[in-house]
1. Conditions: (1) surrounded by 20 or more Cβ atoms within 10 Å (Cβ to Cβ); (2) over 26 Å from residue 250 (Cα atoms); (3) free of Cβ contacts under 8 Å to residues at least 60 places away in the same chain. Residue 155 meets all but one. Number of the miss?
2. Please go through region 1-27 and pick out each residue that is away from ligand 2 (no atom under 16 Å from the Cβ) and surrounded by 15 or more Cβ atoms within 10 Å (Cβ to Cβ).
3. Does region 105-119 hold any residues that are outside any loop (DSSP other than H, G, I, E, B) and over 25 Å from residue 217 (Cα atoms), and which are they?
4. Does residue 132 fit the bill of being at pLDDT 95 or above, out of contact with any strand residue (DSSP E or B) (no Cβ under 6 Å at 6 or more places or on another chain) and farther than 24 Å from residue 196 by Cα?
5. Of the residues in region 1-41, how many are part of a helix (DSSP H, G or I) and within 16 Å of ligand 1 (Cβ to nearest atom)?
6. May I ask you to list the residues in region 215-254 that are away from ligand 1 (no atom under 16 Å from the Cβ), part of a helix (DSSP H, G or I) and at pLDDT 85 or above?
7. Please go through (1) buried (at least 17 other Cβ atoms within 10 Å of the Cβ); (2) in a helix (DSSP H, G or I) for residue 201 and return the number of the only condition it doesn't satisfy.
Ligand code: UDP
Ligand code: MN
């Protein structure tokens, strides 16, 4: 049964991150989500990428930092480091959905996670670096223009303590740590690939139940090299990945090579023949 008023939402601010969004979207499809898939794109995303995105996502929605220039927007524009923050906040404007789950473009689902829609705004998993903060790579929210405007005003007045969306959202939803344990998603819904090696025994004990992997940090899966013949992620001297990290990377690359590359190539051929 499909649920048309709820959606998984991600963000691709450029063509590079579109690769992540496509793999995430495909992983949700592979695990037969009953919810809609929506991706927010900025004007920077090429029309070619948009049409590939639309073959995986139900909706490709352009969001523009400059579209309704009121004073709050202008105040934000003087803070270029909040650019991506601002863009993610647009997810609250998707009011044709009653509830959504936002997922970063560098996440990947390992199984069906539709039960996340049983949770209420604002639900998120602890951040592995500072567990009294949530990680803003996966969260449950209710689209609302009122909340959107409150968030914009808050951003303009207080900024973000980390310069990104995570600092802002943690200050805004500041009672997350203490108010309602039901709003703490299990860490398994936002398993940062780095915590695999910072607490190995826990990973060995619980890791088999991981539901969402988050490739947070500077090096994203698409920055690695992958051998299409051997189906292996190639390690150079700088990647000291554990076996499990490498297997998550290999999973990302399997989806990319099996489902996304053919889409990109098909689209390229269509463009070339035009
Ligand atoms: N993002 C993007 N382009 C960028 C940076 C960020 O599209 O250049 C979006 C994308 O959805 C990404 C999210 O913003 O997953 C948060 O950034 P990132 O995942 O790089 O941060 P991290 O999880 O590593 O802290
Ligand atoms: Mn991320």
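The values are calculated or read from the model by the stated rules, or taken from the named source; none is laboratory data. Because the structure is a prediction, the values reported are computed rather than measured. Backbone-built Cβ (ideal geometry, glycine too); neighbour counts: all protein chains shown.
1. (3)
2. Filtering region 1-27 down to residues away from ligand 2 (no atom under 16 Å from the Cβ) leaves 1-7, 15, 26.
If the condition is that a residue be away from ligand 2 (no atom under 16 Å from the Cβ) and surrounded by 15 or more Cβ atoms within 10 Å (Cβ to Cβ), then 3, 6, 7, 15, 26 are the ones that fit.
3. The first filter runs over region 105-119 and keeps only residues outside any loop (DSSP other than H, G, I, E, B), leaving 107-109, 114-118.
114, 115, 117, 118 - these are the residues of region 105-119 that are outside any loop (DSSP other than H, G, I, E, B) and over 25 Å from residue 217 (Cα atoms).
4. On the way: at pLDDT 95 or above: yes; out of contact with any strand residue (DSSP E or B) (no Cβ under 6 Å at 6 or more places or on another chain): yes; farther than 24 Å from residue 196 by Cα: no.
It is false that residue 132 is at pLDDT 95 or above, out of contact with any strand residue (DSSP E or B) (no Cβ under 6 Å at 6 or more places or on another chain) and farther than 24 Å from residue 196 by Cα.
5. We begin by selecting, within region 1-41, every residue part of a helix (DSSP H, G or I); these are 15-30.
Among the residues that remain, those that are also within 16 Å of ligand 1 (Cβ to nearest atom) are: 15-28.
Selection size over region 1-41: 14.
6. Scanning region 215-254 gives 247, 250, 251, 253, 254.
7. (1)
Each row is one residue, and each column tells you yes or no for (1) more than 16 Å from ligand 2 (Cβ to nearest atom); (2) within 24 Å of residue 162 (Cα to Cα); (3) at pLDDT below 95; (4) over 18 Å from the mean Cα position of the chain (by Cα).
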position: 53; (1), (2), (3), (4): yes, no, no, no
position: 76; (1), (2), (3), (4): yes, yes, yes, yes
position: 79; (1), (2), (3), (4): yes, yes, yes, yes
position: 91; (1), (2), (3), (4): no, yes, no, no
